[in-house]
Amino acid sequence: MTDPASVVPPVTDERVPDFCRALGLPGLADVHVHFLPPRLLRRVWAYFDAAGPLVGTEWPIRYRWSDADRVAHLRRLGVRAFSALAYAHRPGMAAELNRWTLDFARDTPGCLASATFHPEPEAPGYVAAALAEGARLFKVHLQVGGFAPTDPALDQVWGMLSDAGVPVVVHAGHAPVGTAHTGPDPFAALLARHPRLTAVVAHLGAPDYRAFLDLAETYERVRLDTTMAFTPFFDQFVPFPTDELPRLRELGLAGNVLLGSDFPNIPYPYADQVAGLARLDLGDDWLRAVCWNNAATLFDLP
């Protein structure tokens, strides 16, 4: 690789701000952070504790803290912009989730107003309401939600988001456990219908990295987030193919790769995510783009 990264990979969370300063960045922008209503969050953590069927492995939650403590930790890390991603796993819950996440963002400086949806007749109405209230990012989880992205009930929603240019983080890949609606083919079918959709593919589309890189090259508004990729935990299951690093570099420099972490639902320190990116040796410019500049452009961050 040309232009190798010159910064030191942070080995602990306390070193992450040093990493940002060495790159001359104001901080990090993390598009894949979760904040949920307390009762739902407890259920999610219990599912991870039990290594449920869609998890597939032991997964001890690292940051099992209160909302206030987690926000404070993000700020200590230097995360200046972050999402509050929620996702509906059944009909009838998205509107209430949106109320909570939009209120949370309003009361939490640095949090991008986030919302979700599920295939149901009410979806266009509450998505329009969320957009009117300032939602800047949506999240859908095809694996957990158990629905096809091409479900006819969502066609109007995808069209609204395409027209608004508001990004949606989509867990479209098979990892950690594939389902009938995950993988590149269902997502490619969605893009064929809505080619102007601003979509952020979670986890770089793992394990089908090559196919999702292809889609990011084909569709101008498709982006990929780095969530969990290049960490020792994730690499033991679905390592990124080293021969695709040149394409990842080009896409990052073009604005199509964004930092994501899955904080707080990760079984390792946040620093592992940042250190993994630094160790790729894709260059300081690439790190600046992925860790801040690309999201700053997408969300018009100050």
Inspect all residues belonging to the range 258-276 and state whether any of them is at pLDDT 95 or above, of a type in the set (Asp, Glu), buried (at least 21 other Cβ atoms within 10 Å of the Cβ) and farther than 23 Å from Ala188 by Cβ.
-> yes
Taking the range 92-109 and keeping residues open to solvent by 30 Å² or more (accessible area, probe 1.4 Å), part of a loop (DSSP other than H, G, I, E, B) and closer than 18 Å to His32 by Cα leaves Pro109
Kindly indicate which of Phe237, Phe187, Phe233 is out of contact with any helix residue (DSSP H, G or I) (no Cβ under 6 Å at 6 or more places or on another chain), within 26 Å of Tyr126 (Cα to Cα) and either in a helix (DSSP H, G or I) or open to solvent by 40 Å² or more (accessible area, probe 1.4 Å) (or both).
-> Phe187
Taking His203 and the conditions (1) surrounded by fewer than 23 Cβ atoms within 10 Å (Cβ to Cβ); (2) at positive phi, which numbered condition does it fall short on, given that it satisfies the others?
-> (1)
If a residue has to be touching a Pro at 6+ places or on another chain (Cβ under 8 Å), assigned to a loop (DSSP other than H, G, I, E, B) and open to solvent by less than 10 Å² (accessible area, probe 1.4 Å) to count, how many in the range 153-174 make the cut?
-> 2
Residue check: is Leu245 modelled with pLDDT of 95 or more, of a type in the set (A, V, I, L, M), open to solvent by less than 20 Å² (accessible area, probe 1.4 Å) and in contact with a Leu (Cβ under 7 Å, 6 or more places away or on another chain)?
-> no
Flag if Leu41 is touching a helix residue (DSSP H, G or I) at 6+ places or on another chain (Cβ under 7 Å), under 30 Å from Ala153 (Cα atoms) and not in a strand (DSSP E or B) | no
Residue pairs meeting the criteria (Cβ under 9 Å; at least 6 apart or on separate chains; first on the phi > 0 side of the Ramachandran plot, in the range 78-107; second of a type in the set (A, V, I, L, M, F, W, C) and open to solvent by 10 Å² or more (accessible area, probe 1.4 Å)) | Gly78/Leu25
Mind telling me which of the residues Gln143, Gln156 ends up being in contact (Cβ under 8 Å) with a residue 24 or more places away in the chain, among the polar types (S, T, N, Q) and under 20 Å from Ala202 (Cβ atoms)?
-> Gln143
Enumeration of residues in the range 175-184 that are touching a Gly at 6+ places or on another chain (Cβ under 8 Å), open to solvent by 30 Å² or more (accessible area, probe 1.4 Å) and more than 19 Å from Ala51 (Cβ to Cβ) = His181
What residue, of Asp30, Asp13, Asp49, is under 18 Å from the mean Cα position of the chain (by Cα) and closer than 21 Å to Pro232 by Cα?
-> Asp30
Given the conditions (1) closer than 11 Å to Asn265 by Cα; (2) at pLDDT below 90, report the number of the one that Thr57 does not fulfil.
-> (1)
Criterion: of a type outside the set (S, T, N, Q), within 22 Å of Ala296 (Cβ to Cβ) and over 18 Å from the mean Cα position of the chain (by Cα) - qualifying residue of Glu244, Glu250 = Glu250
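The values are calculated or read from the model by the stated rules, or taken from the named source; none is laboratory data. Predicted model only: the values in this text are computed from it and were never measured. Every residue, glycine as well, gets a Cβ built from its backbone with ideal geometry; the counts of neighbours run over all protein chains shown. Each accessible area value is taken on the protein alone, full model and side chains, heavy atoms only, with ligands, DNA and RNA left out. Shrake-Rupley method; radii C 1.70, N 1.55, O 1.52, S 1.80 Å.
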